[in-house]
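Reviewing the structure listed below.
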Ligand code: NAD
C-alpha cells in the first residue's frame, strides 16, 4: 500500500489536524495521513521515541508537514508539550487521529484468564483506551468551530479472537469511550467515531500471537474473501473526518471486508483457512 496513490481533492482544504500513531510507512495512521493530505489537510504528527523519529520525519516531510512532536501518551509532560506546540503554531485544530495501542507481548498469547496481569491490564487500558480520552479532551479544547476525531479499534472488542486477550478488553473500553466522548462533545459540533479495521500487517499486528493464522482465516472467511486494504480504512477516516461525515458520531464503523457480518464461514472458506 505504501506506493499506492490516493485520489486528490479538496475535501479537507483549510483543515488542520493531529495524527498520533505513525511508526513507519506500514502504519494505518500513515495511510490515513496520506489520504487526508491528498485532500488538502495540513497535518502535525507525534512520534514515540527517537528511534521512530528517524522513520516518521521523512514521511511527514514527504507531505509537507513540519510539525513533529515526541509524545508518549503515558507521560503527561509530553502530552502537555504536544498540545502546547499545536496551540502555539496553529491556535486551533479541526481533527484528531488516534491510532495508538500497546499491550506487553506476554499478555497477547495463550490463556486470557491465566496470562493477564494487573500491570498488563492497567498498561493496555491506559495506552490503548485512556489515551484517546486524554488526547480527545486536549484536542477538543482547541476545536473552536466544531471538529472530528477518529480512533482505531478491532473486532476483538466484540468477540473472542485467539491471543488478542487484554487488547480486546482495551478495545471494548475504547469503543465505549468513543460513545461517551461523542455525547459530551456533540453539542459543540465535535464528532467522535471509531473505525474497526480488519487485520493489516503492521508493527502492532506483529505483536499478536498466531498472526499468520489470523490473516489466512480472515481472507478465507470475510464476505469479500480478502484481507483489509489500508486504503479502505483511510477512505473511511476521510469520510468521518470531513464534512462528508456530518451527523455521524458515536459510531464504530467496520472496515474489514465484511468479516464481522459472517456468523459461520462457508465450508470452502473453512478448507481454505486451514490451508487445505
Ligand atoms: P503501528 O505499530 O504502526 O502503530 C501503533 C502505534 O502506537 C505506533 O506508532 C506506536 O508508536 C504507538 N504507541 C504505542 N504505545 C505508545 C505510547 N505509550 N505513546 C505513544 N504512542 C504509542 O500499528 P497499527 O496497526 O497501525 O496500529 C494503529 C492502531 O490501529 C492501533 O490502535 C491498533 O490497535 C489499531 N488496529 C490495528 C489493526 C491491524 O491489524 N494492524 C486492526 C485493527 C485496529
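Observations, loosely collected:
- Inter-label distance for residue 183 and residue 84, nm, one decimal - labels placed 7 Å from Cα along Cα-to-Cβ: 3.4
- With the biggest extent put first, the Cα atoms of the range 195-258 measure 38, 25, 19 Å across the principal axes.
- Cβ crowding within 10 Å, taken as a proxy for footprinting-reagent exposure, orders 133, 73 from fewest neighbours to most as 133, 73.
- Intensity falloff of the range 16-273 expressed as log10 I(q)/I(0), Debye formula with alpha-carbon point scatterers, at q = 0.14, 0.15, 0.16 Å⁻¹: -0.94, -1.07, -1.22
- Pairs of Cα atoms nearer than 8 Å and 6+ residues apart set the relative contact order; for the range 16-273 it is 19 percent.
- Relative to the dominant Cα principal axis of the chain, helix 165-185 is inclined by about 40°.
- Relative frequency of Cα-Cα separations exceeding 15 Å in the range 1-78, percent: 53
- Cβ crowding within 10 Å, taken as a proxy for footprinting-reagent exposure, orders 213, 98, 253 from fewest neighbours to most as 213, 253, 98.
- Difference of contour (0.36 nm per residue) and Cα-Cα distance, residue 13 to residue 225: 72.8 nm
- Between the C-alpha center of the range 207-276 and that of the range 7-42 there is a gap of 21 Å.
- Based on DSSP H segments of at least four residues, each scored -39500 (n - 2.57), the chain has a per-residue ellipticity at 222 nm of -12500 deg cm²/dmol.
- Figure legend: label point modelled 7 angstrom from the Cα of residue 55 along Cα→Cβ; residues of the range 194-222 with amide N under 20 Å from it are 197-212, 215.
- Fraction in percent of alpha-carbon pairs per bin - 5 Å, the range 1-138: 2, 10, 18, 21, 19, 13, 9, 5, 3, 1, 0
- Note on the range 142-210: Cα-only Rg and Dmax are 14.3, 45 Å.
- Relative packing of 31-43, 108-120, 157-169, which averages over residues the other C-beta atoms within 10 Å, highest first: 31-43, 157-169, 108-120
- GNM result for the chain, Cα springs below 10 Å: residue of 80, 88, 256 fluctuating most strongly: 88
A short reminder: the numbers here are calculations on the coordinates, not readings from a lab. Note that the structure is a prediction, hence the values are computed from the model and not measured. Ideal geometry is used to build each Cβ from the backbone, glycine not excepted, and the neighbour counts take in all protein chains shown.
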